[in-house]
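Just below is one structure, and these are the notes that go with it.
Please treat every number below as a calculation from the coordinates, not as lab data. As the structure is a prediction and not an experimental result, all values here were calculated from the model.
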Amino acid sequence: MTAATWPAWIPSQEITPPQWPVACLGPGRVGSALSRALAGLGFPIVAVGGGSAAAADRLARELETEVVVEPYSGLGERARLVLITTPDRSLTDVARGLARSADMKQGACLVQTSATEPAEILRPAAGGRDGVLCLSFHPLKPFPDRERGLPYFKEIIIGIEGDGDARLLGHSLARLLHGYPLDVSTCDKAVYHAVGVMAFTGVMALAWAAEQVARGLELDQTFIDRGILPSMSAAAEAVKTLGLPEGLTGPISRGDAEVVSRHMMMLSERFPELVPIYREVALLNLRMVEEGGRLGEEAMERLRQALNT
């Protein structure tokens, strides 16, 4: 398909997938998942490139499209929606490369999935041409592998940042994926992402800590599979259904300083590297309990003393 300009898109209407041929530059975990999801919605995938040659070839064969290589000459004549899902450090170089050779057309949209870089980092790729949208489209969910597709986007937050029609296009695209679009200002993007990283990888860090204890106590995988992981899922469900601090359980919520002291003592003796993790988590729980008014000051002080011994 060759275009001088792309068909007019009316922001008050939803996107019509067949009118938005897609190219993916950066077939990593997010790029592969998003390309696969868009293909499932009926978006024509016209090219895959960037990243490793093996990854590009694999995704191109799966989606029955072609592999393109730099300098991506004339890509703008075939692709209206260009996903630039390379690492953040590469976005500027990719945008400059597209400016030299892609020939983006009016009515096209350049999309990056960085959680911290602004949408405007892609502006050079427009080559000075008006009517090319620049959008930041960030799914707030871990992508642990390249095998995800459309179902993985269901009911997740998708951070949207960009100007004018680009933001509206992001909203429409998020809704097509059955996600929830969330407008994020340019200056707030890094904090928005930091909170997600803290929550997602924090869970994994605590699971790792539990594995260290399991190994040290010579417990088999059952301790993790049937004890720790279901409990972590139950804790997340409690937050969802009861909120905080109501969903909090454990010795901090009860003001049981003696149990906390015992924990600190035994961890110090057998797993000293985990003491800082236990203390910081407990202090956050203590702050939560204090703000919720669940314990009196005397009980709070006993807990503070137990955590600082």
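The long axis of helix 257-270 is offset from the longest Cα principal axis of the chain by roughly 70 degrees.
Across q = 0.11, 0.14, 0.17, 0.24 Å⁻¹, the range 3-92 modelled as identical point scatterers on its alpha-carbon atoms has Debye log10 I(q)/I(0) values of -0.29, -0.47, -0.69, -1.23, in the order of the q list.
By the compact-protein rule of thumb, 2.2 N^0.38 Å, the alpha-carbon radius of gyration of the range 192-307 corresponds to a ratio of 1.11. Ordered from longest to shortest, the equivalent ellipsoid semi-axes for the chain are 47, 21, 17 Å, each the square root of 5 times a Cα gyration tensor eigenvalue. Close amide H contacts of residue 106 (hydrogens built in the peptide plane, cut-off under 5 Å, sequence separation of 5 or more or a different chain): 6.
Taken over the range 133-188, the convex hull of the Cα atoms encloses 84 Å³ per residue.
Axis of helix 53-63 versus longest Cα principal axis of the chain: the two differ by about 80°, to the nearest ten degrees.
Against the chain, whose longest principal axis is taken from its Cα atoms, helix 29-40 shows a tilt of about 60°. Tell me, how many Å apart are the Cα centres for the range 251-309 and for the range 55-98? Between the Cα centre of the range 251-309 and that of the range 55-98, the gap is 51 Å. Shape descriptor for the range 1-158: Rg over Rh equals 0.93 (Cα atoms; Rh from the Kirkwood inverse mean 1/r).
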